[in-house]
Every structure is written in C-alpha cells, then in structure tokens.
Amino acid sequence: KAGVTQTPRYLIKTRGQQVTLSCSPISGHRSVSWYQQTPGQGLQFLFEYFSETQRNKGNFPGRFSGRQFSNSRSEMNVSTLELGDSALYLCASSLEPRNEKLFFGSGTQLSVL
Amino acid sequence: DAKTTQPTSMDCAEGRAANLPCNHSTISGNEYVYWYRQIHSQGPQYIIHGLKNNETNEMASLIITEDRKSSTLILPHATLRDTAVYYCIVRVSNFGNEKLTFGTGTRLTIIP
C-alpha cells in the first residue's frame, strides 16, 4: 500500500498570500488530521476530518481551514499568510477517527517570507 | 487527555537496549499509552501502544507500571537508525472530541 502522500514537499510564499496543501491518505483510510510543527511549539493539532466533516479543531485562527473530499483526500488552506505560519505541516490518516494508529506523511515545509 | 513528562534527551550505545521513560501520573482508567517517533525531516511513526498490560511488537516493548502512572519504551538492540525524537502520548481510544497532544518528546541519540 502506498503511504500518506503530501504535496507539495516544499513551498515558499510571501506574507499576505494564501496557500493550499494537499494530502492523500492511505487507501481505505477515512480519517485525516492535520498538524503544524515548529521548533518552538512542537507538534500542534490543527483539525481532523472524517466523511467530509470536520470532527475536531485545534486552537488556530480562522485563517486556517480545511476540507475533505468524498475520496477521503484532504486539503488545508491558510489565507493571509504571516511569517509565523512558517512550519512543517503534517497530515496523518487512520482507518477511523481516534484509531490507535496514525500514519503520517512526510509533510509540506512552508516558508513565508 | 492526561499530560506526559519525558526527559529532553538521552544517549544509548549502539547494540544496547534503549529504555525511554515516560511519566503520566494523571492518567485515567480508560486512557491508553501510545509511543511515536520522528526521524529528522519525516512524519512521526507509530511504534506501540498499551492500556495496562505490557506489550511487545517487532519494533519495541512497552512496560507499564501497575499503577499506570509511568511507562518505559524499550528498544532491545538499538541501531543508528533508531536516532529520533520519541513521543509518549496518553489518550482515550474511543470516539470523542479531543485532540492528540504530542508534547516535546525525548531526543534519543544512538552512539556508535
């Protein structure tokens, strides 16, 4: 089985722009969650999707949004980028929400200049 | 979910057993202990989880104390590829509305 695929791997944007990141879960996995990782804050939960519905959300501003499609693929969007949004964005998939095993992609490294 | 406390860093000689401790003194009866690790520039990788019995799989062993307030992840024969940040997490394993919190983890360095 192919693993979790995230695209693009690297991204450079400027302040004020918006960005869309993509995540393709493992085949058969219906739950997708997103995390932001920075050196100072570590891994922080953004949101979780299951059956095209957001089930849980972390403490991030409304500039961060996401969605899930009927094939379980997910996208996250960050609008009006700030310098502090520079981070590694990780996507994880699991069979069901709260499943014991999360499978992570390699992430998208976003740099905001 | 209960909070966990882990040492910031540890070293272990190659070929020896690496024992990574985790304190979760506020764990409740239905919370599981999970371990993940993250190798540089990759996403976290699931290692093992348990509730109250000791667990073993092809990667590691998990020893949970009888009062469940602490646990130890054991990598029996550490290799250089085991150098990573190891995260201990406790969470309820059922449908609910909470977040998975990774904390800062233990940076394990395997010494040749």
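What order, most packed first, do the peptides B:7-13, B:18-24, B:46-52, B:106-112 have when packing is the mean number of other Cβ atoms within 10 Å of each residue?
With the highest mean Cβ count within 10 Å placed first, the list reads B:18-24, B:46-52, B:106-112, B:7-13.
How well do other chains shield peptide A:103-110, expressed as the mean number of their Cβ atoms within 10 Å of each residue Cβ?
Partner Cβ neighbours, averaged per residue: 3.
Might you report the magnitude of the Cβ-based charge dipole of region B:2-63 about its Cα centre, with Lys and Arg at +1 and Asp and Glu at -1, to the nearest 20 debye?
Computed about the Cα centre, the dipole is about 140 debye.
Per Stokes-Einstein, at 20 °C and 1.002 mPa s, what whole-number D in µm² s⁻¹ belongs to region A:1-57, with the Kirkwood radius over Cα pairs as the hydrodynamic radius?
This corresponds to a translational diffusion coefficient of 161 µm²/s.
Just the isolated ones, please: cysteines in the protein assembly as shown lacking another cysteine beta carbon under 4.7 angstrom.
Cys with no partner Cβ under 4.7 Å: B:Cys12.
Where in region B:19-36 is the amide nitrogen less than 19 Å from a point lying 7 Å along the Cα-to-Cβ axis of B:Thr109?
Counting only backbone N, you get B:19-21.
Sequence gap at least 6, Cα distance under 8 Å: using those rules, report the relative contact order of chain B to the nearest whole percent.
The value is 38 percent.
Do you know the relative contact order of region A:1-42, to the nearest whole percent, from alpha carbon pairs under 8 angstrom that are 6+ apart?
For region A:1-42, the relative contact order is 42 percent.
Evaluate E = 1/(1 + (r/R0)^6) for A:Ser22 and B:Glu66, where r is the Cβ-Cβ distance and R0 equals 35 Å; express this FRET efficiency to the nearest 0.05.
For R0 = 35 Å, the calculated efficiency reads 0.15.
I want to check the label-to-label distance for B:Glu58 and B:Thr5. Put each point 7 Å from Cα in the C-beta direction and report it in nm to one decimal.
Placing both labels 7 Å along Cα→Cβ, they lie 3.7 nm apart.
Between A:Ser51, A:Ser93, A:Ser72, where does the largest GNM mean-square fluctuation fall for chain A, given springs only between Cα atoms within less than 10 Å?
Of A:Ser51, A:Ser93, A:Ser72, the Gaussian network model singles out A:Ser51 as fluctuating most.
Evaluate peptide A:52-58: per residue, the Cβ atoms of other protein chains within 10 Å of its Cβ; return the mean as an integer.
2
With unit charges on the beta carbons (Lys and Arg positive, Asp and Glu negative) and the dipole taken about the Cα centre of the protein assembly as shown, which residue among A:Gly16, A:Pro39, B:Ile48 sits farthest to the positive side?
With unit charges placed on the Cβ atoms, the residue in question is A:Gly16.
Rule-based calculations on the coordinates, nothing more; no lab input. What you see is a predicted model; the values in this text were computed from it and never measured. Neighbour counts run over all protein chains shown; Cβ positions are idealised from the backbone, glycine included.
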